[in-house]
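A.B. asks: Encoded as structure tokens, here's the structure I'll be asking about.
The values are calculated or read from the model by the stated rules, or taken from the named source; none is laboratory data. All values derive from a computational prediction rather than experimental measurement. All Cβ positions, even for glycine, are placed from backbone atoms using ideal geometry, and neighbour counts span all protein chains on display. Surface areas here come from the heavy atoms of the whole protein model, side chains and all, with no ligands, DNA or RNA. Shrake-Rupley method; radii C 1.70, N 1.55, O 1.52, S 1.80 Å.
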Amino acid sequence: MLNKDELPACPVATTVGLIGNKWKPLILRDLLKGAQRFKYLQFGIEGISPKVLTENLRQMEDDGLVKREIFPEVPLRVEYSLTELGQRMKPIIDALAKFGNEYKEIIKNKSL
């Protein structure tokens, strides 16, 4: 997690820094549905490798968006969920989904 002196001055740049790659918005989308185990996250995000999912989850955990909970069972169970801060990303993910649906509808109805 960056300290306050390392954060960009622009708030949009700060947000893009937190979720501005191909995978993080999709991870947020799935975790907004509730806590998930690693394999279910991977299954729900088409094309993501275990390595990339792990890297992104660790970054999001470091940024305070995701919480990792280990359950001392045999076999070991690990669940990922959004923190309160991560839950505050919901309007952003909702806006992305709304725009994506509108865009697809426009393209579908556009005569070529």
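A.B. asks: What percentage of the solvent-accessible surface of the chain, computed with a 1.4 Å probe over protein heavy atoms, is contributed by carbon and sulfur atoms? If you can, show how the numbers build up before the last one.
C.D. replies: Values: 4700 of 8130 Å².
Exposed carbon and sulfur together represent 58 percent of the surface.
A.B. asks: Turning to a different aspect of this structure: Along the charge dipole of the chain, which of Leu85, Leu26, Pro8 sits closest to the positive end, that is, farthest toward it, with unit charges on the beta carbon of Lys, Arg, Asp and Glu (+1, +1, -1, -1)?
C.D. replies: Leu26
A.B. asks: Give me the angle, in degrees from 0 to 90, between the Cα long axis of helix 90-109 and the longest principal axis of the Cα atoms of the chain, rounded to the nearest 10.
C.D. replies: 40 degrees
A.B. asks: If you don't mind, there's one more thing I want to ask. Grab the eigenvalues of the alpha-carbon gyration tensor for segment 51-112, scale each by 5, take roots, and send me the semi-axes largest first in whole angstrom.
C.D. replies: 35, 14, 11
A.B. asks: Work out the charge dipole of segment 61-103 with +1 on the Cβ of Lys and Arg and -1 on the Cβ of Asp and Glu about the Cα centre, then indicate which of Leu96, Gly64, Val74 is farthest towards its positive end.
C.D. replies: Leu96
A.B. asks: Which value, in Å to one decimal place, does the Kirkwood hydrodynamic radius take for the chain when every pair of different Cα atoms is included?
C.D. replies: 15.5 Å
A.B. asks: Another one. Which is the longest run of the chain containing none of the trypsin sites (Lys or Arg not before Pro) found in DSSP loop states (not H, G, I, E, B) with at most 10 other C-beta atoms within 10 Å?
C.D. replies: 34-109
A.B. asks: Would you mind working out the accessible area per residue for segment 9-112, using a 1.4 Å probe, and quoting it in Å²?
C.D. replies: It amounts to 70 Å² per residue over segment 9-112.
A.B. asks: If each of Leu96 and Val52 carries a label point 7 Å out from its Cα toward its Cβ, how far apart are those two points in nm?
C.D. replies: Between Leu96 and Val52, the label points sit 1.4 nm apart.
A.B. asks: To make sure I understand the rule: partners must be lysines, Cα under 25 Å from the Cα of Lys90, and not fewer than 8 residues away in the same chain. Which ones qualify?
C.D. replies: Result set, ordered by chain and number: Lys4, Lys22, Lys24, Lys33, Lys39, Lys67, Lys98, Lys104.
A.B. asks: Related question: Specify the inter-centroid distance of segment 74-112 and segment 37-73, based on alpha-carbon positions, in whole Å.
C.D. replies: 16 Å
A.B. asks: Using the Cα centre of the chain as the reference point, and only Cβ charges (+1 on K/R, -1 on D/E), how large is the resulting charge dipole? Debye, rounded to the nearest 20. Can you show the working numbers first?
C.D. replies: Numbers: 18 positive and 15 negative charges, 88 e Å.
For this selection, approximately 420 debye.
A.B. asks: What figure in square angstrom, to the nearest 10, would you give for the accessible area of Ile107 with a 1.4 Å probe?
C.D. replies: Rounded to the nearest 10, that gives 80 Å².
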